[in-house]
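Below is one structure, written out as structure tokens, with a few remarks after it.
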Amino acid sequence: MSDSNDWISRPLPLIQGIFDQHGPNADWEKKVTACFQEKLEEHKSDSVVPCLNDVPLHYLKPNSLVRFRCMIQDMFDPEFYMGVFETIDPKTNSRSLHFGKYRDIADCPQQEVDVNSRKTVTSDRQTFYCIPIPGESTWAKEAYTNLGQARACASTSYTPNRHKRSYEDDEMSPRKEQNTGDHRCGEHKRLETESHSAPSSCTPPIDLNFPLPGEKGPACLVKVYETWNSFKVNDIIEVYGVLSVDPLLSTINDDWDSVSALVDPADGMNTVEEQRVHSPPASLVPRIHAIVIHKLEHNNPLMPVRIQDSAEGKLFVSSFMSEVSAVRGELHGFLTHAFLGDSLTAEFLILHLISTVYARRDVLPLGKFTLNLSGCPRNGTFTAFLYQILQQLVPASYYLPMTIENMNTLRFTPRKDYTANRLVSGLLQLSSQTNLMVDETVLEQGQLDTAGVHNVTALGNLITWQKVDYDFSYHQMEFPCNINVLVTSEGRSLLPSDCQVLLQPQTAPPSIEQYVAALLTASLPSLLNKFRIYLSLLRFLDYSISEEVTKAVEDDFVEMRKNDPQSMNADDLHRLLVVARLVSLSVGLTTLSRDSWLRAKQLEQQRKARLQEKTYLNGNEI
């Protein structure tokens, strides 16, 4: 790699230079952060810094600058480290100061650490356990990969050692942390993310703790040095930091295991389980020492990272808003075809997909719009193909067949494992703005056990209150969320919802599979990209109602109650206001107009008319 990119391939010498220039007592740490922020802005960071989401670990150079787009799955207790330490050259007795930040192992070849030095500074850092964004769509992953051109850069900058030996077979003699030598000389084993396998000495295999079954991708321990209190569990972030995969970490852990076996657990030391979880082999769970962290507003690669507080974001919004009405028309036609000619259901799905929790008033989440699509054929075939279409439109989603077996056996809510001192993930530990499709059409007769009842209750609480109660054994802890839930059912859903729409197909294709495949094939990628931007961007628009319009809505409500007291109650008015808000936003309006209000009333009347026409079979709604 050229010298101009040394800040990527060899960031630690650059940091040492800043440390030497400004000294340990000055604001050298702030200068390091400012230096890298400037370089990331100067160069297009997503095209020059290799990304762990896209580049296999064994192609990334140890101690190089990498980035990782991820969700915070857990936060461990703060840990202490030597922020500044002093070394002695055994030959000359000369002394040098070094920084311990951004590294796991002291890198001071031919020197010894003076552990009794008065110049030693002890600092603390926080550790985030981070995983790829759960349920991220294939198109989003591919778009992010195409944005970053660092793969070639990474593969030419470092030639991995492809020997088949494991870390445990490495003949490197154990060395103490204070005198490690150059730790870049160790072998670097390929990251096995596809399977949950671990080195043979770790039994049982390490669980990477992904919320959703079948997920693949790297997990990382992100070491955070500043402002860690501004982050919380389930935030999606992009980390730029120093990659640490030193094999010596495994040696230190093995030594610790030998010592801990001789120690009484009552003495307060970490358990073996906790040590395995918090310090897994770096070949399986690498470390990233964060220099710059961005909290992501969204995970749509087609939009600027910052929408609300950047000039680029405001320009992007202004440009796209000029074609919102046209894109909405195209999307409505696309979804009408997906619903076999049912244009009303397509209207309500658009409203559902652009809905988001924009505020909370006491315990009430404002803006949510859970949709129950009833009248769907049994056995889940139609819903599964509908989910294929949904996956093409949103950045993150998950399809949950609501079978008795799934309800009874899957873990929905995360729980605290006090033995390993970690948060064990569950299906509902999802990042903000994830779309969850619950398929009730596969539900058969059967008995829910205690776990099944708990899971159904958790789903209901998620829908109603947009929160998930994490199980901490001795108490429940509420974690607010922002998850769009779409429930498909044959009759009215067993789960609560904000709006029920009865599906009324106008056509009956001989093969729904071929029909959906043809629909997706006929849609140009450029048009799908506009749909994806439309559905993500409209969630960020501010919305308000003027006093004049508020008075008109109140008068209209009184008039509707006067004409038919049974047709409108407080819940109906609340739903109508939500629909009116979403109708306005769907055409790019940030305030309620009379036309949007009338359109919302019309949609609600048509929706209710369908439900009134439904028939009953054996006492059950269909």
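Things worth noting here:
- The set of residues in the range 478-518 being closer than 30 Å to residue 72 by Cβ, open to solvent by less than 30 Å² (accessible area, probe 1.4 Å) and part of a loop (DSSP other than H, G, I, E, B) consists of 481, 482, 483, 495.
- Condition check for residue 95: surrounded by 13 or more Cβ atoms within 10 Å (Cβ to Cβ), over 30 Å from residue 56 (Cβ atoms) and without any contact (Cβ under 8 Å) to a residue 24 or more places away in the chain: yes
- Restricting attention to the range 30-76, the residues being at pLDDT 90 or above, of a type outside the set (A, V, I, L, M, F, W, C) and in contact with a strand residue (DSSP E or B) (Cβ under 8 Å, 6 or more places away or on another chain) number 12.
- Residue check, residue 27 open to solvent by less than 50 Å² (accessible area, probe 1.4 Å) and either charged (D, E, K, R) or under 27 Å from the mean Cα position of the chain (by Cα) (or both): no
- Filtered residue count, the range 100-142, keeping only those that are part of a strand (DSSP E or B) and among the hydrophobic types (A, V, I, L, M, F, W, C): 5
- Among the conditions (1) surrounded by fewer than 21 Cβ atoms within 10 Å (Cβ to Cβ); (2) more than 25 Å from residue 220 (Cβ to Cβ), residue 85 misses just one, which is (1).
- Top-ranked residue in the range 459-513 [being among the small types (Gly, Ala, Ser) and modelled with pLDDT under 95; ranked as nearest to the chain's Cα centre (by Cα)]: 473
- Picking from residues in the range 520-564 that are basic (Lys, Arg) and free of Cβ contacts under 8 Å to residues at least 12 places away in the same chain, the one that is most open to solvent (accessible area, probe 1.4 Å) is 562.
- Among the residues making up the range 405-447, those that are closer than 25 Å to residue 77 by Cβ, open to solvent by 30 Å² or more (accessible area, probe 1.4 Å) and not polar (S, T, N, Q) are 411, 415, 416, 417, 418, 422.
- When the range 342-382 is filtered for residues that are in a helix (DSSP H, G or I) and either surrounded by fewer than 17 Cβ atoms within 10 Å (Cβ to Cβ) or in contact with a Cys (Cβ under 6 Å, 6 or more places away or on another chain) (or both), the ones remaining, listed by number, are 343, 378, 379, 381, 382.
- Residues of the range 278-304 satisfying the condition of being closer than 30 Å to residue 422 by Cβ and open to solvent by 30 Å² or more (accessible area, probe 1.4 Å): 278, 279, 293, 294, 295, 297
- Those residues of the range 30-50 which are in contact (Cβ under 8 Å) with a residue 40 or more places away in the chain and either under 12 Å from residue 8 (Cβ atoms) or open to solvent by 90 Å² or more (accessible area, probe 1.4 Å) (or both), in sequence order: 36, 40, 45, 47, 48, 49, 50
- Unique residue being in contact (Cβ under 8 Å) with a residue 24 or more places away in the chain, farther than 26 Å from residue 233 by Cα and in a strand (DSSP E or B) when the list is 85, 68: 85
- Being of a type in the set (Phe, Trp, Tyr) and buried (at least 21 other Cβ atoms within 10 Å of the Cβ) is a property that holds for residue 339.
The values are calculated or read from the model by the stated rules, or taken from the named source; none is laboratory data. Note that the coordinates shown come from a computational prediction; the quantities given were computed from them, not determined experimentally. FYI the Cβ positions are ideal-geometry reconstructions off the backbone, even for glycines, and counts take in every protein chain you see. Quick note on the areas: whole protein, heavy atoms, side chains included, nothing else; ligands and nucleic acids left out. Shrake-Rupley method; radii C 1.70, N 1.55, O 1.52, S 1.80 Å.
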